[in-house]
Amino acid sequence: MLANVIAATGVAAAACAAGYQTMSPTGQWYGQTFVGVPRGTPQIALTYDDGPNDPHTLRLLEVLNKHNVHATFFLIGKYLEIRPDLARAVVNAGHAIGNHSFSHPNLIFASASRTREELDRCSQILRDTSGMESSLFRPPFGGRHPGTLKIARSLGLKPIMWRVTGYDWRQKPSQYIEHKIRAQLRGGDVILLHDGSHLVFGADRAQTVIATDHLIPWCKTQGFEFVTIPEMIERAIPGKQLPVLSRA
Ligand SMILES: [Zn+2]
């Protein structure tokens, strides 16, 4: 009886851990994803999900330009259809872009064919709107399982997760976002923020823009250096330039 209870507890714990791994940004059980370079490395990478978005993507571009910093944007296909000009603005300003699916479903619950369609369709629109071929992919909600990653890789996409988050979807003031990020930064980190929302086009991301404006100078005084995800990956494997981002 006791053995059964212990065995059952073990199974429950394993099931829980497996469930956690499907959404955990740094979990590696379900296949390797990129979360950053070793802690203590001066390089850090700002990433923005769920755009393009009006007007906050353009406001963010102004802030990043003011501080001479390049970031990485994971774009939603259906929003790219609404405002392809914003994707071109992001690319023309020298930022990196990546695939964040066409309609932002949680891919844990999606069939293989739906997953393939979501990723393929977004890549196609990215190519058509920006003229760029990106091999970066961020799963919506960070959700993935082994099949998701296998499909992504078969499409030439590299899954990019994160180690630091600003929790900016909680709709708190910029100080909250700034505090969350400052508290987690160790160097070598990929930072998750949002210039849009998967719920609606036109979502208010003013606090994220303000937080970015405040965080960049603070990070620079701490000795951190901002890089894009492709730059971070290249530096992670010295001498080996990965074909992360190339002209379509
Ligand atoms: Zn998202």
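Of the residues Leu185, Leu215, Leu157, which single one is modelled with pLDDT of 95 or more and within 19 Å of Phe102 (Cα to Cα)?
Details: Leu185 fails: within 19 Å of Phe102 (Cα to Cα); Leu215 fails: within 19 Å of Phe102 (Cα to Cα).
Every option except Leu157 fails the conditions.
Residue by residue through the stretch 145-197, note down the ones that are in a helix (DSSP H, G or I), under 17 Å from the mean Cα position of the chain (by Cα) and acidic (Asp, Glu).
Selection gives Asp168 alone.
Condition first: part of a helix (DSSP H, G or I) and either more than 16 Å from the ligand (Cβ to nearest atom) or more than 25 Å from Glu231 (Cα to Cα) (or both). Now tell me which residues in the stretch 203-217 satisfy that.
Ala206, Gln207, Val209, Ile210, Ala211, Thr212, Asp213, His214, Leu215, Ile216, Pro217
Taking only the stretch 160-202 into account, find how many residues are in contact (Cβ under 8 Å) with a residue 40 or more places away in the chain, in contact with a His (Cβ under 8 Å, 6 or more places away or on another chain) and within 12 Å of the ligand (Cβ to nearest atom).
Of the residues in the stretch 160-202, 4 are in contact (Cβ under 8 Å) with a residue 40 or more places away in the chain, in contact with a His (Cβ under 8 Å, 6 or more places away or on another chain) and within 12 Å of the ligand (Cβ to nearest atom).
Can you pull out every residue in the stretch 40-61 that is part of a loop (DSSP other than H, G, I, E, B) and more than 16 Å from the ligand (Cβ to nearest atom)?
Gly40, Thr41, Pro42, Asp54, Pro55
Which residues, counting only those in the stretch 69-123, are polar (S, T, N, Q) and not in a strand (DSSP E or B)? Walk me through it before giving the result.
Initially, the stretch 69-123 is screened for residues polar (S, T, N, Q), giving 72, 92, 99, 101, 103, 106, 111, 113, 115, 123.
Hits for the stretch 69-123 are Asn92, Ser101, Ser103, Asn106, Ser111, Ser113, Thr115, Ser123.
Scan the stretch 56-70 and report the pairs whose first residue is in contact (Cβ under 8 Å) with a residue 40 or more places away in the chain and whose second residue is hydroxyl-bearing (Ser, Thr, Tyr) and not in a helix (DSSP H, G or I), with Cβ atoms within less than 6 Å and a gap of 6+ or a chain change.
His70/Thr228
Working only within the stretch 62-85, note down all residues that are away from the ligand (no atom under 16 Å from the Cβ) and touching a Leu at 6+ places or on another chain (Cβ under 9 Å).
Matches in the stretch 62-85: Leu64, Val69, His70.
The values are calculated or read from the model by the stated rules, or taken from the named source; none is laboratory data. Only a predicted model underlies this, so the values are computations on that prediction, with no experimental measurement involved. Virtual Cβ from ideal backbone geometry, glycine too; neighbours counted across all protein chains shown.
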